[in-house]
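A.B. asks: Take this structure first; my questions come after.
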Amino acid sequence: MIRVRELAKTFTLHNQGGARLPVLQGVSLEVGPGECVALQGPSGAGKSTLLKCLYGNYKPTSGSVTVAETEVTSASDQELLRLRASSVGYVSQFLRVIPRVPAIDVVADEVRGKPEARQEAEQLLLRLRIPMRLWSVPPATFSGGEQQRINIARTFIRKKPVLLLDEPTASLDAENRVTVTAMINEAREAGAAIVGIFHDQKVREAVATRIVEMEELS
Ligand SMILES: Nc1ncnc2c1ncn2[C@@H]1O[C@H](COP(=O)(O)OP(=O)(O)OP(=O)(O)O)[C@@H](O)[C@H]1O
Ligand SMILES: [Mg+2]
């Protein structure tokens, strides 16, 4: 589902006189259905950068990234949007949503048009312990952990074959960490190909089928 070949990413810092910052070099990786690869390495090693290259947010300097049979590095904006909608779920560390949309709709809108959309959204919010009084409130004012759980609910309500998870449990309490760990394992057992960054060792050991070490280049 995911194939990365000889990926390199160098940032050019335009406000630093064009200084070049190499972050990824010679990264190759294959992830199949039912696998969960945990990226490990020091802060700044390029873990989030690699996930963003897989999602098509960052354009690599060289190399190839294939996700669900689409070459991400050369995909048009439209192809990229189609690929994401059909096949790729991405949980970033921070929630970005349209303002003034209630939490329940942020989640249900992901499966818009499906008759049971609202019911499925409610089930996920219950499972992730979002208090009912918050369901009709836009998540902008939610706590870090509440926002993260809305982010997770919104991604997991659709069963996508590829999941990219950037520290999905970083601001969660122990109970919710256990819940999210179970959700990740259910997705994997259902056949998802997962790449994630899990800074919590217990979570990592509970979800990862393989660990990939990343080193700092500079
Ligand atoms: N858009 C960008 N422009 C310039 N430099 C960037 C950009 N994005 C990331 N970097 C740099 O690339 C390096 C790797 O960043 P990245 O966020 O991938 O690290 P990470 O391994 O996820 O670290 P952490 O564990 O702290 O999240 C950092 O030095 C960062 O400053
Ligand atoms: Mg990171």
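None of the figures in this text is laboratory data; all of them are computed from the coordinates on show. Only a predicted model underlies this, so the values are computations on that prediction, with no experimental measurement involved. Backbone-built Cβ (ideal geometry, glycine too); neighbour counts: all protein chains shown.
A.B. asks: Would you mind pulling out the separation of the Cα centroids of the stretch 85-125 and the stretch 141-211, in Å?
C.D. replies: Between the Cα centre of the stretch 85-125 and that of the stretch 141-211, the gap is 15 Å.
A.B. asks: Counting pairs of Cα atoms in the stretch 179-218, how many percent are more than 14 Å apart? Intermediate values should be presented prior to the final figure.
C.D. replies: Values: 378 of 780 pairs.
Across the stretch 179-218, Cα pairs with separations above 14 Å total 48 percent.
A.B. asks: Tell me which of 119, 21, 164 sits at the most positive position along the dipole axis of the chain, charges placed on C-beta atoms (Lys, Arg +1; Asp, Glu -1).
C.D. replies: 119
A.B. asks: For residue 59, list the lysines whose Cα falls under 20 Å from its own Cα; do not include residues on the same chain fewer than 8 positions away.
C.D. replies: Straight-distance partners of residue 59: 9, 47.
A.B. asks: Kindly state, to the nearest 0.05, the FRET efficiency for residue 5 paired with residue 133, given R0 = 35 Å and r defined as their beta-carbon distance. Spell out each step's value before the answer.
C.D. replies: Working: r = 49 Å, r/R0 = 1.40.
With R0 = 35 Å, the Cβ-Cβ based efficiency is 0.10.
A.B. asks: Here is a further query. I'd like the Kirkwood hydrodynamic radius of the stretch 83-191, using the inverse of the mean 1/r over distinct C-alpha pairs, in Å. Numbers along the way, then the final one.
C.D. replies: Working: mean 1/r = 0.0721 Å⁻¹.
Hydrodynamic radius (Kirkwood, Cα pairs) of the stretch 83-191 is 13.9 Å.
A.B. asks: Okay, moving on. Per residue, how much space in cubic angstrom lies within the convex hull of the C-alpha atoms of the chain?
C.D. replies: With only Cα atoms used, the chain gives 133 Å³ per residue.
A.B. asks: Still on this structure, I have one more. Say R0 is 45 Å: what FRET efficiency, to the nearest 0.05, do residue 182 and residue 14 get from their beta-carbon distance?
C.D. replies: Here the calculated transfer efficiency is 0.55.
A.B. asks: For residue 58, list long-range residues whose amide hydrogen, built 1.01 Å from N in the peptide plane, is under 5 Å from its own amide hydrogen.
C.D. replies: Hits under the 5 Å cutoff: 53.
A.B. asks: Between residue 78 and residue 212, what FRET efficiency follows from the Cβ-Cβ distance if R0 is 25 Å, with the result rounded to 0.05? Walk me through the intermediate numbers first.
C.D. replies: Working: r = 31 Å, r/R0 = 1.24.
Computed FRET efficiency for residue 78 and residue 212 comes out at 0.20.
A.B. asks: A further question on this structure: For the ranges 121-128, 16-23, what's the packing order if you count other beta-carbon atoms within 10 Å of each residue, average per peptide, and put the highest first? Each step should come with its number before you reach the end.
C.D. replies: Values: 121-128: 18.4, 16-23: 11.8.
So the order, starting with the most tightly packed, is 121-128, 16-23.
A.B. asks: Now, a different point. Once Rh for the stretch 148-218 is found with the Kirkwood sum over Cα pairs, what is the Stokes-Einstein diffusion coefficient at 37 °C and 0.692 mPa s, in µm²/s? Walk me through the numbers on the way to the answer.
C.D. replies: Numbers: Rh = 12.7 Å.
D, rounded to a whole number, is 258 µm²/s.
A.B. asks: Considering amide H positions built from the backbone, and no H for Pro or chain starts, which residues 5 or more places from residue 214, or on another chain, come under 5 Å of its amide H?
C.D. replies: 40, 41
A.B. asks: Quick one: order 214, 1 by neighbouring beta-carbon count within 10 Å, fewest to most.
C.D. replies: Values: 214 19, 1 22.
Listing 214, 1 from fewest to most nearby Cβ atoms yields 214, 1.
A.B. asks: A further question follows. One quarter of the convex hull surface, Cα atoms only: what value does that give for the stretch 6-125 in nm²? Show your work: numbers first, answer last.
C.D. replies: Details: hull surface 41.1 nm².
Averaged projected area of the stretch 6-125's Cα convex hull equals 10.3 nm².
A.B. asks: Next up: Note the angle between two axes, namely the Cα long axis of helix 174-189 and the longest principal axis of the Cα atoms of the chain, as a number of degrees from 0 to 90, rounded to the nearest 10.
C.D. replies: Computed tilt is about 70 degrees.
A.B. asks: What residues from the stretch 17-42 fall in the zone where the backbone N is under 16 Å from a label point 7 Å along the Cα-to-C-beta line of residue 199?
C.D. replies: Correct set: 39-42.
A.B. asks: Between residue 191 and residues 5 or more places away or on another chain, which pairs have amide H atoms under 5 Å apart, with H built 1.01 Å from N, and which residues are they?
C.D. replies: Counting only residues 5 or more places away or on other chains, the set is 34.
A.B. asks: Positive end of the dipole of the chain, charges at C-beta (+1 Lys, Arg; -1 Asp, Glu), about the Cα centre: which of 40, 91, 185 has its Cα farthest in that direction?
C.D. replies: The Cα lying farthest towards the positive end belongs to 91.
A.B. asks: Can you give the charge dipole size of the stretch 10-87 about its Cα centre, rounded to the nearest 20 debye, using +1 on the beta carbon of Lys and Arg and -1 on the beta carbon of Asp and Glu? Don't skip to the end; give the middle numbers.
C.D. replies: Values: 6 positive and 6 negative charges, 69 e Å.
Rounded to the nearest 20 debye, it is 320 debye.
A.B. asks: Given the DSSP H assignment, sum -39500 (n - 2.57) over each helix run of at least 4 residues in the chain and divide by its residue total; what's the result at 222 nm in deg cm²/dmol, nearest 500?
C.D. replies: -10000 deg cm²/dmol
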